[in-house]
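The values are calculated or read from the model by the stated rules, or taken from the named source; none is laboratory data. Not measured: the values here are computed from a predicted model. As a convention, Cβ positions derive from the backbone with ideal geometry for all residues, glycine included, and neighbour counts pool all protein chains shown. Accessible surface areas use protein heavy atoms only, side chains included; no ligands, DNA or RNA. Shrake-Rupley method; radii C 1.70, N 1.55, O 1.52, S 1.80 Å.
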Amino acid sequence: MPKKMIHELHQMKRGRKITWITSYDYPTAQFAEAAGIDMILVGDSLGMCVYGYPNTIPVTMDQCIVHCEAVRRGAPNTFVIGDMPFMSYQSSVEKAVENAGRFLKEAGVDAVKLEGGRRVIPMVRGILDAGIVVCGHIGLTPQSSGQLGGHKAQGRTVESAQALVDDALALQDAGVQLLLLEAIPPEVGKFITEKLAIPVLSFGAGMHCDVHLLIATDLIGQFQAFTPKFVKRYCNVAEMVTSALKQYCDEVRSGAFPTDEHCYHMLEGEHEKFVELIKRYE
Ligand code: KIV
């Protein structure tokens, strides 16, 4: 399937729903492309899901680039978005543009995502001016969860919902080509999806959005620390892998593995010579 470009994703708005996963590695990216996933986000959630950090704050640009490179190799024909980590864009427009550029130059992604509403508009404009496709991200924004009072759903009061609507409109006016809503009520997700001309992406923003996102490690039951309410698990890889590892331990300890079928034997005629050779060591 040829890679979808941003204008094709725009044409799909209000057509068939668009599928999106967060993935961090080459094999999962290969599986995603084979499954026909439309878009992959290499999210800074890799801090928790791959490195075991308590949150996304310690994640660095270099880590994001390495994971984007691996995903790009695994899914050469899928629209890939690089996630700008904490402090890669907040301090200045110049820094934001430089780091967004690294995602394209070093990892070959198709777009970058950054968190925040009206307050990140100068950075969004700078990155757009550099010719880079930008995905906005509002609602629960994990990089500023301290200010939000924790990893809490947003937009549950009318004041908070209004702030989200105003942020969404301002980001669209600034030129973002995609907008992600995280952990907000479906009523608010529906209004923003209908109001905006660009594709609206949901990570826990209800059923009405144009694009739906799950983190692959949640979807397959690999990440165990916590599971948000809006996640659906389609299999339990943690159980399967743990059980396979236990079976391996049991078989090594009992001598059931390895057996002759797992061995490389010496070439024809060489074993006899080897038997003669080792006599010298007796
Ligand atoms: O890092 C990530 O995977 C994300 C999604 C959870 C929205 O930003």
From Val59, Val158, Val93, which residue is away from the ligand (no atom under 16 Å from the Cβ) and in contact with a helix residue (DSSP H, G or I) (Cβ under 6 Å, 6 or more places away or on another chain)?
Val93
Hey, does segment 185-200 have a residue that's touching a Leu at 6+ places or on another chain (Cβ under 8 Å), more than 21 Å from Leu46 (Cβ to Cβ), away from the ligand (no atom under 15 Å from the Cβ) and among the small types (Gly, Ala, Ser)?
no
Of the residues that sit in segment 202-220 and are more than 15 Å from the chain's Cα centre (by Cα) and open to solvent by less than 20 Å² (accessible area, probe 1.4 Å), which one is farthest from the ligand (Cβ to nearest atom)?
Asp210
Could you list, in sequence order, the residues of segment 196-229 that are outside any strand (DSSP E or B), within 19 Å of Gly116 (Cα to Cα) and not hydrophobic (A, V, I, L, M, F, W, C)?
Pro199, Gly204
I'm trying to understand the selection: among the residues of segment 121-149, which are under 16 Å from Phe86 (Cβ atoms) and either among the small types (Gly, Ala, Ser) or away from the ligand (no atom under 14 Å from the Cβ) (or both)?
Met123, Ser144, Ser145, Gly146, Gln147, Leu148
Checking the conditions here, which among Asp173, Asp166, Asp260 is closer than 17 Å to Cys135 by Cα, away from the ligand (no atom under 16 Å from the Cβ) and either within 18 Å of the chain's Cα centre (by Cα) or exposed (fewer than 11 other Cβ atoms within 10 Å of the Cβ) (or both)?
Asp173
Do the conditions hold for Ser160, that is, is it in contact (Cβ under 8 Å) with a residue 12 or more places away in the chain, within 21 Å of Gly204 (Cβ to Cβ) and among the hydroxyl-bearing types (Ser, Thr, Tyr)?
no
Within segment 12-41, restricting attention to residues that are of a type in the set (Gly, Ala, Ser) and surrounded by fewer than 17 Cβ atoms within 10 Å (Cβ to Cβ), which residue is farthest from the ligand (Cβ to nearest atom)?
Gly15
Enumerate the pairs (first residue in segment 173-194 and touching a residue at least 24 places away in the same chain (Cβ under 8 Å); second residue anywhere and open to solvent by less than 20 Å² (accessible area, probe 1.4 Å) and of a type in the set (S, T, N, Q)) with beta-carbon separation below 6 Å, excluding pairs fewer than 6 apart on the same chain, so at least 6 apart or on different chains.
Leu181/Ser202
